[in-house]
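Working notes, structure below.
Every number in this text was worked out from the coordinates using simple rules, so none of it is lab data. Please read these numbers as outputs of a predicted model, since none were measured by experiment. Methodologically, a virtual Cβ is constructed for each residue, glycine included, from the backbone with ideal geometry; neighbour enumeration extends over all protein chains shown.
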């Protein structure tokens, strides 16, 4: 029986790079997507996942069985006071997002171990949380070809264990930057796949907005090609308008 690897897939560069890596192995890849109905980008992310799935399946060097993505609605997750308390502690220290509350509840309630594609960015909130609250070790049960990190429960805080115990982190991505991921995908014949990834939280006219955090990250990390020219203009206008408005408010506050 082939090994099954569960992967959280957003349609973004990090998780798609990992899917491409795993596609070269003789395994079964089962992607999962957590649907937050309040996010404007959901339909674009799911469209990217569907498009990329079809492309990878047709690649001549694909060895894996890439299954259709399983979508779970975050509103269907049951509350968990223990997880919520642990998340609040880590959020206060490191400002990790609410998705880590969802992920902890999702993996626990579905009894799943799932890969989360995480690059080792010093600016990353998740990276700072993992290194600040514990340490990582290789998950021997996943085997050498998968090479996933997991938290070391003997050297991690109780809150870190509660939130991250069912998550695994590909060791290959841990050593990469986003530009490294781009080069790896090119070298594996996946450049066309890479161009279909999605990252913007608040698309405008069906294209990246140039203003949300992922768009700003792309512009600041030598990935400006991912944001079309119109998106860059819109992002500049939104950025300028926001700071101009904040300056006016501060002047009014000082006056009165």
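Structure values in brief
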{"quantity": "Relative exposure of 13, 112, judged by other C-beta atoms within 10 Å (fewest first)", "calculated": "112, 13"}
{"quantity": "Residues 91, 72, sorted so that the one with the fewest Cβ neighbours within 10 Å comes first", "calculated": "72, 91"}
{"quantity": "Whole-Å distance, taken between Cα centres, linking the stretch 77-136 and the stretch 21-37", "calculated": "19"}
{"quantity": "Label-zone membership for the stretch 161-185, site residue 138, 7 angstrom Cα→C-beta point, backbone N under 15 Å", "calculated": "169-175"}
{"quantity": "Förster radius 25 Å - calculated FRET efficiency between residue 213 and residue 71 (Cβ-Cβ, nearest 0.05)", "calculated": "0.60"}
{"quantity": "Sorted by Cβ neighbour density within 10 Å, fewest at the top, the residues 183, 119, 141", "calculated": "141, 183, 119"}
{"quantity": "At 1.567 mPa s and 4 °C, Stokes diffusion of the stretch 4-179 via Kirkwood alpha-carbon radius, µm² per second", "calculated": "78"}
{"quantity": "Separation of alpha-carbon centers, the stretch 140-217 and the stretch 1-19, rounded to whole Å", "calculated": "9"}
{"quantity": "Within the chain, helix-based [θ] at 222 nm, where runs of 4 or more DSSP H residues each add -39,500 (n - 2.57), nearest 500", "calculated": "-14500 deg cm²/dmol"}
{"quantity": "Difference of contour (0.36 nm per residue) and Cα-Cα distance, residue 35 to residue 88", "calculated": "16.9 nm"}
{"quantity": "Sites residue 155 and residue 180, calculated FRET efficiency, Cβ-Cβ separation with R0 35 Å, nearest 0.05", "calculated": "0.80"}
